[in-house]
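Student: I'd like to ask some things about the structure below.
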Amino acid sequence: MITVEKIKPEMTYNLRHKVLRPNMTVDDCVYTTDHEEGAFHVGAFYQGELISIASFCIEKNPDFSIENQYRLRGMATLQEFRMLGAGRQIIDYAQNLLTEQNIDFLWCKARTSVQEYYSKLGFNIHGEVFDYPPIGPHIVMYKNLT
């Protein structure tokens, strides 16, 4: 059984490093938005082990006219625990928190390699693929929460 809860930003760093930025340092996995007002972090635990994470922060994408926006950053699930639905549970948990705060728009810069996954979670594509050095090709994706 998977449990989902808010976690401290520091708890995300090892998974960010292992899954998202293995060729970089752990320090490269610390985001400037981690401790900003309104930011929160969600973790999924399986048998007490942190297996999936995501971070959420107030950040307006200028391409969208919607006033109340949040950005999803650093979503990662350990390879051996994929297909358990942890990522979906994290998004559902965060979406409930955001809608309680009258936030109705969530966006992210998704790696093109997981674009289909985000589509299954209800995200839509916006714009063209772009390079996000040194990580690689990304695309903006968004989800209306209402």
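Read-outs: derived from the displayed coordinates by stated rules, not from any lab. Just so you know, these numbers come straight off a predicted model, no measurement behind them. Neighbour counts are summed over all protein chains in view; Cβ atoms, including those assigned to glycine, are modelled from backbone coordinates with ideal geometry.
Student: Just to verify a number: FRET efficiency for M24 and L84, C-beta to C-beta distance, R0 = 35 Å, to 0.05? Walk me through the numbers on the way to the answer.
Tutor: Details: r = 27 Å, r/R0 = 0.76.
Taking R0 as 35 Å, the efficiency between M24 and L84 is 0.85.
Student: Further question on the same structure: Between E59 and M1, what FRET efficiency follows from the Cβ-Cβ distance if R0 is 25 Å, with the result rounded to 0.05? Write down the numbers at each step before the final one.
Tutor: Values: r = 33 Å, r/R0 = 1.31.
In this case the efficiency is close to 0.15.
Student: Give me the one-decimal nm value for the distance between modelled label points at Y46 and T32, 7 Å along each residue's Cα-to-Cβ direction.
Tutor: In this crude label model, Y46 to T32 measures out at 3.5 nm.
Student: Filter the GluC sites (Glu not before Pro) in the range 1-90 to those in DSSP coil with at most 10 other Cβ atoms within 10 Å of their Cβ, and list the result. Walk me through the numbers on the way to the answer.
Tutor: Numbers: sites: E5, E10, E36, E37, E49, E59, E67, E80; in loops: E36, E37, E59, E67.
Passing sites in the range 1-90 are E37, E67.
Student: Could I ask something else about it? Tell me, what HN-Hα J-couplings in whole Hz come from the Karplus equation 6.51 cos²θ - 1.76 cosθ + 1.60 at θ = phi - 60° for each residue of the range 123-130, using x for Gly and Pro?
Tutor: With the stated coefficients, the range 123-130 comes to 7, 10, 7, 9, x, 10, 5, 9 Hz.
Student: Between N102 and E128, what is 0.36 nm times their sequence separation minus the Cα-Cα distance? Round to one decimal in nm.
Tutor: Working: separation 26, 0.36 × 26 = 9.36 nm, distance 2.89 nm.
My answer for the length gained is 6.5 nm.
Student: May I have the convex hull volume per residue, in Å³, for the Cα set of the chain?
Tutor: Values: hull volume 16.4 nm³, N = 146.
Enclosed volume per residue, from the Cα hull, is 112 Å³.
Student: Given charges of +1 on the Cβ of Lys and Arg and -1 on the Cβ of Asp and Glu, with all other atoms neutral, how large is the dipole of the range 2-144 about its Cα centre, in debye to the nearest 20?
Tutor: Details: 14 positive and 18 negative charges, 75 e Å.
In total the dipole reaches around 360 debye.
Student: Once you sort the root eigenvalues of the Cα gyration tensor of the range 1-62 as a ≥ b ≥ c, which label holds: rounded (a/c under 1.5), prolate (a/b larger than b/c) or oblate (the other case)? Spell out each step's value before the answer.
Tutor: Details: a/c = 2.19, a/b = 1.21, b/c = 1.81.
Since a/c reaches 1.5 but b/c is at least a/b, the shape of the range 1-62 is classed as oblate.
Student: Now, a different point. For S55, S65, S119, what ranking results if the residue with the fewest other Cβ atoms within 10 Å of its Cβ goes first? If you can, show how the numbers build up before the last one.
Tutor: On the way: S55 22, S65 8, S119 13.
The order, fewest Cβ neighbours first, is S65, S119, S55.
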